[in-house]
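The values are calculated or read from the model by the stated rules, or taken from the named source; none is laboratory data. Keep in mind it's a predicted model, so treat the numbers as computed, not measured. Neighbour counts are summed over all protein chains in view; Cβ atoms, including those assigned to glycine, are modelled from backbone coordinates with ideal geometry.
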Amino acid sequence: MHLTETDNQAYFDKTKAREKTCAVWLKEQSKAVRKPILFAAIAGITNGLGVIAQSALLAFIMQAIIIDKLPWASLITPFIVLAAVFILRILCVYLHQIWGFDAGAQVRASVRKQLFARFLTLGPAEIKQRQSGELAAVTLEQVDALENYFSRYLPQQMIVGVLPIIMIIMIMPVNWVVGLIFLVTGPLVPIFMALVGMGATSANRSQFLAMARMRGYFLDRLQGLATLKL
């Protein structure tokens, strides 16, 4: 029995088979770009440590100027260190974006090669049964949509797994109450974000399928304009 796309979507929403298959496929693709992802994460973690150092230096300088009334000449060294931290953070942000983009670009090129190889394997007869606009949308736009996952999500996943722990360790000796609040409330943020994301999965898939059909329909009609004019 032939199932419609709506029936297929209901089945995959129920069994989560599509999500498991996609997760395995994404994991396989990420193995080829493990180094740039790791470098991007290290740059992001270093930038986070720079934020902590910057905040501490600003607090020290404000304390010295406003409360302790120290002369400006005695604060030359803290200002130099603060400027160095600013420069380090700028460099880390730049490297984070460069390495993240490199990971996304490598994955996009690899996936397009896999698609072209698959098209050659299927042959013209099989491809002719699919809308050319839908195939073009998959090859171009939908492959480009993978970039954010590899260039931003995966490095950020490493960053949020390491940086909050470092922050809590550094805050605890200063103020254990604040550190305890961070320790209790911190995990709630990704939990609620995950709940929202799971609720939007089905709607996003419906929109994805609809947009693919619309792109295919539109491109096929554009290709037929010359025939209609004749």
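Pairs linking a residue in the range 65-87 that is more than 14 Å from residue 53 (Cα to Cα) to a residue that is of a type in the set (Val, Ile, Thr) and not in a loop (DSSP other than H, G, I, E, B), with Cβ atoms under 7 Å and 6 or more positions apart or on different chains, are 75/61. The single condition from (1) farther than 21 Å from residue 147 by Cβ; (2) touching a Gly at 6+ places or on another chain (Cβ under 6 Å) that residue 96 fails is (1). Checked against (1) touching a His at 6+ places or on another chain (Cβ under 8 Å); (2) at pLDDT below 90; (3) not hydrophobic (A, V, I, L, M, F, W, C), residue 153 passes all but a single condition, namely (1). Screening the candidates 160, 138 for the property of being assigned to a helix (DSSP H, G or I), at pLDDT below 80 and of a type in the set (Val, Ile, Thr) yields one hit, 138.
Can you confirm whether residue 180 is surrounded by 13 or more Cβ atoms within 10 Å (Cβ to Cβ), modelled with pLDDT of 70 or more and over 24 Å from residue 153 (Cβ atoms)? Don't jump to the end; show me each part of the working.
On the way: surrounded by 13 or more Cβ atoms within 10 Å (Cβ to Cβ): yes; modelled with pLDDT of 70 or more: yes; over 24 Å from residue 153 (Cβ atoms): yes.
Spelling it out, residue 180 is indeed surrounded by 13 or more Cβ atoms within 10 Å (Cβ to Cβ), modelled with pLDDT of 70 or more and over 24 Å from residue 153 (Cβ atoms).
The set of residues from the range 16-57 being without any contact (Cβ under 8 Å) to a residue 40 or more places away in the chain and either in contact with a His (Cβ under 6 Å, 6 or more places away or on another chain) or under 14 Å from residue 95 (Cβ atoms) (or both) comprises 35, 42.
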